[in-house]
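In what follows, a structure is listed as structure tokens, so that the remarks can point back to it.
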Ligand code: F6R
């Protein structure tokens, strides 16, 4: 794993945006895996700015979102469809046919999940998967005890995850209990994973992910087995890393051409 510690969420997000933009410039047909939540907001704002000010072209990019709430139609203001439209898609030149978000309203959820996996395969796989992390170490909504080989499927949210979404729903009683999420196996098939985390409340999950044992109890720890995973965190999220000084040292030694 490559662990990069930046001073704050702004500097971290700018670096993440440079990594995504480089891929999109090198390969106009890039396939991006996208996350929702608070963590990627600055990254998406920066990509939108790069589109506006630097002609970053998304017209041939394809995207797959990690997850969606079961029972929410795309137009629901708290759906991840709406989130993505609001924070990224309406600000860039990506066509609706190239955008994929799981269908939270599907009658046949297993069939919808298999279709999602098929669409990813038909797009020749995800080149770069953007990830946030839950306080209990989830990626996507693969909650603790998820199979590390899992594929896209329905999952039941933990009460910790539901309580983290209270703001968007205006009360815990309105937060859905189920989601469709890409599996850990699906995420692990991506060419590169870019995990972002900010703030003290993510510090334990980040330390367990990077320095703990690989365990289904911390699903993000599966990323230790990924060939090309970059963990990009701010100082607060890095505060429980035992080898933080070593990671800083490694980054300082990188030749200029290798730096994101
Ligand atoms: C969202 C997702 C989740 C979030 C995680 C962190 O699509 O897959 O794993 O990335 O729950 O959420 P925030 O960023 O709101 O702290």
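Just a few scattered comments:
- The set of residues in segment 115-139 being away from the ligand (no atom under 16 Å from the Cβ) and part of a loop (DSSP other than H, G, I, E, B) consists of 123, 124, 125, 127.
- Condition met for residue 62 (touching a residue at least 40 places away in the same chain (Cβ under 8 Å) and more than 16 Å from the ligand (Cβ to nearest atom)): yes
- Residue, surrounded by the fewest Cβ atoms within 10 Å (Cβ to Cβ), within segment 65-76, restricted to residues that are within 17 Å of residue 170 (Cβ to Cβ) and within 16 Å of the ligand (Cβ to nearest atom): 76
- For segment 80-109, the set of residues classified as outside any helix (DSSP H, G or I) and within 20 Å of residue 176 (Cα to Cα) consists of 101, 102, 103, 104, 105, 106, 107, 108, listed by residue number.
- Selection within segment 169-187 - within 30 Å of residue 227 (Cβ to Cβ) and touching a residue at least 40 places away in the same chain (Cβ under 8 Å): 179, 180, 181, 182, 183, 184, 186, 187
- Selection status of residue 37, within 16 Å of the ligand (Cβ to nearest atom), under 21 Å from residue 184 (Cβ atoms) and surrounded by fewer than 22 Cβ atoms within 10 Å (Cβ to Cβ): yes
- Members of segment 143-162 that are out of contact with any helix residue (DSSP H, G or I) (no Cβ under 8 Å at 6 or more places or on another chain), surrounded by 14 or more Cβ atoms within 10 Å (Cβ to Cβ) and under 14 Å from residue 220 (Cβ atoms): 161
- Note on segment 40-59: among residues that are without any contact (Cβ under 8 Å) to a residue 40 or more places away in the chain and within 16 Å of the ligand (Cβ to nearest atom), the one that is farthest from the chain's Cα centre (by Cα) is 46.
- Here residue 259 fulfils each of the conditions (1) modelled with pLDDT under 95; (2) over 23 Å from residue 17 (Cα atoms); (3) touching a helix residue (DSSP H, G or I) at 6+ places or on another chain (Cβ under 9 Å) apart from (2).
- Filter result (crowded, with 24+ Cβ neighbours inside 10 Å, under 12 Å from the mean Cα position of the chain (by Cα) and not in a helix (DSSP H, G or I)) within segment 173-228: 181, 182, 190, 193, 194, 195, 196, 197
- In segment 121-142, the residues that are under 23 Å from residue 25 (Cα atoms), in contact (Cβ under 8 Å) with a residue 40 or more places away in the chain and either over 17 Å from the mean Cα position of the chain (by Cα) or buried (at least 22 other Cβ atoms within 10 Å of the Cβ) (or both): 123, 124, 126, 128, 129, 130, 131
The values are calculated or read from the model by the stated rules, or taken from the named source; none is laboratory data. Being a predicted model, the structure only gives us computed values, none of them experimental. Virtual Cβ from ideal backbone geometry, glycine too; neighbours counted across all protein chains shown.
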